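Below you'll find the structure, written out as structure tokens, and then a few comments.
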Amino acid sequence: MSDFEQIKQIKAGNIKVYESLFRSLYPGLCGYGLKILHNREVAEEMVQEVFYLLWKNRETLQINSSLNAYLYKAVYNKCLHYIEHQQVVDKYAANQMTIAAATYSTNDAMQTGELYLVYKKTLQQLPLRCRKIFQMNRTYGFKYQEIADKLSLSVKTVEADMGKALKAFRQSFAEFHMTE
């Protein structure tokens, strides 16, 4: 089936054509994302999000190149956006650490650095959507309704993911304090 016909079928809501496209391109797109991100789990999440958005926005889809090229470019852009976002988060966290360290004693500053590592590790272990929701709320100050609107989710889903994230942080910080 030609790219034009595949796009036409996907726009019409043909799930079988979409699934066939997913099965045929998913492994290669994941490998491509892995080369960019050096993290298989995140690469797979980026590819899954590209396919999710392809289906979600299928009715307004406008592809002027081959479908294959379009999807590879979409994965490339998703990966770059993820890297840029991580750099912003890291920079923000580093700035917060600098401010915190300046106000504490050396021992307190060392503990703050260790806490940051626990925070960073816990954050990275969260599922992508859960991590994104947590950061939108705690780092950028978005309200649950705003997050739900931006991510096309229900408020209950946002609340549930925030609950999962907060539980993970409570457990990690409790374990940290038990080892001191």
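Each reported figure results from applying straightforward, stated rules to the coordinates on display, with no laboratory input. Values in this document were obtained by computation on a predicted structure and should not be read as measured data. FYI the Cβ positions are ideal-geometry reconstructions off the backbone, even for glycines, and counts take in every protein chain you see.
Summary of computed values
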{"read-out": "Alpha carbon convex hull of the chain, volume per residue in cubic angstrom", "value": "136"}
{"read-out": "Cβ-Cβ FRET estimate between residue 149 and residue 8, R0 fixed at 25 Å, reported to 0.05", "value": "0.20"}
{"read-out": "Simple Cβ-charge dipole of the chain, Lys/Arg +1 and Asp/Glu -1, about Cα centre, in debye nearest 20", "value": "400"}
{"read-out": "Residue-averaged [θ]222 nm for the chain, counting only DSSP H segments that reach four residues, each worth -39500 (n - 2.57)", "value": "-28500 deg cm²/dmol"}
{"read-out": "Segment residue 138-residue 26, length gained on full extension (0.36 nm per residue, minus Cα span)", "value": "37.1 nm"}
{"read-out": "Protection proxy ranking of 121-134, 48-61 - average other beta-carbon atoms within 10 Å, highest first", "value": "121-134, 48-61"}
{"read-out": "Entries of 121/167; 91/143; 11/56; 78/132; 91/167; 132/164 with Cα pairs more than 18 Å apart", "value": "91/143; 91/167"}
{"read-out": "Top positive-direction residue, dipole computed over segment 27-100 with Cβ charges, set 67, 30, 87", "value": "67"}
{"read-out": "Selection from 21, 163, 50, by position along the positive dipole direction of the chain (Cβ)", "value": "21"}
{"read-out": "Distance in nm between pseudo-label sites at residue 52 and residue 128 (7 Å out along the Cβ direction from Cα)", "value": "0.7"}
